[in-house]
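No lab work stands behind these numbers, since they all come straight from the coordinates. This is a predicted model, so every value here is computed, not measured. Glycine gets a Cβ as well: all are built from the backbone with ideal geometry, and neighbour counts include every protein chain shown.
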Amino acid sequence: MDLRKLKTLIDLVSESNISELEIAEADGKVRIVKTPSNQFAGVVHVPAPAPAPMAPKDPSPEAVDSAPPASTGNVVKSPMVGTFYRSATPGSDPFVQIGSVVKVGEPVCIIEAMKIMNEIETDAAGTIKEILCENGQAVEFGQPLFIIE
């Protein structure tokens, strides 16, 4: 569940007369319980069960040949959970585009986490080959953001 959505739910429960709220979504279930003294007893996030894996099919030679090649190069991964932004402010130019040449330590994006804007820097020099996230997309810890060759 999105952190902003969770905070909004907590605020709604704290400002209302309800003492308990439980919401189930595709990605899990959240239960918010307010104690009588208006202190929260806790928030529990239960991830949704993963779908059962399907048995692998025996690939035909045509399918193996048509598979996209694995991306090579240095992968810039998200160091935190948050929201991915390609530019410093809405409407401004993105930090990098496909084909941009970057140096070690150069900012390539911003990840917003808990209302704090965190500049994400490259750990390798090279050329941006792929941008793997959309502007405004929620990202997870360790999620690939860019590929640099």
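Candidate cross-link partners of Lys77 among the lysines, defined by an alpha-carbon separation under 21 Å and a same-chain spacing of 8 or more, comprise Lys103, Lys115, Lys129. Ranked by how many other Cβ atoms sit within 10 Å of their own Cβ, fewest first, the residues Thr127, Thr72, Thr122 fall in the order Thr72, Thr127, Thr122.
The listed peptides 85-91, 73-79, 138-144, ordered by packing as a protection proxy, come out as 73-79, 138-144, 85-91 (highest mean of other Cβ atoms within 10 Å first). Close amide-amide hydrogen proximity is noted between Leu145 and Val76, Lys77, Ser78, each under 5 Å apart and 5 or more residues distant or on a separate chain (H modeled in the peptide plane; Pro and chain starts excluded).
Ranking of Val33, Val96 by neighbouring Cβ atoms within 10 Å, starting from the fewest: Val33, Val96. Between Ser16 and Ala113, the contour length at 0.36 nm per residue exceeds the Cα-Cα span by 32.3 nm. The simple Förster model, with R0 at 30 Å and r as the Cβ-Cβ distance, assigns Glu134 and Ala24 a FRET efficiency of 0.70. Once backbone amide H atoms are built at 1.01 Å from N, Glu106 has Thr122 as its partners under 5 Å, excluding neighbours fewer than 5 places away on the same chain. Note that the range 88-104 has calculated 3J(HN,Hα) couplings of 6, 9, x, x, 7, 5, x, 4, 9, 10, 4, x, 5, 8, 10, 10, 4 Hz, one per residue in order, obtained from phi through the Karplus relation 6.51 cos²θ - 1.76 cosθ + 1.60 (θ = phi - 60°); glycine and proline are x. In sequence order, the range 5-16 has phi-based couplings of 5, 5, 4, 4, 5, 4, 4, 4, 5, 5, 8, 9 Hz under the Karplus curve 6.51 cos²θ - 1.76 cosθ + 1.60, θ = phi - 60°, and Gly or Pro positions carry x. Computed extension gain for Ala125 through Asp2, at 0.36 nm per residue and net of the alpha carbon distance, reaches 41.0 nm. FRET efficiency for the Val104 to Met80 pair, using the beta carbon distance and R₀ = 25 Å, is estimated at 0.80.
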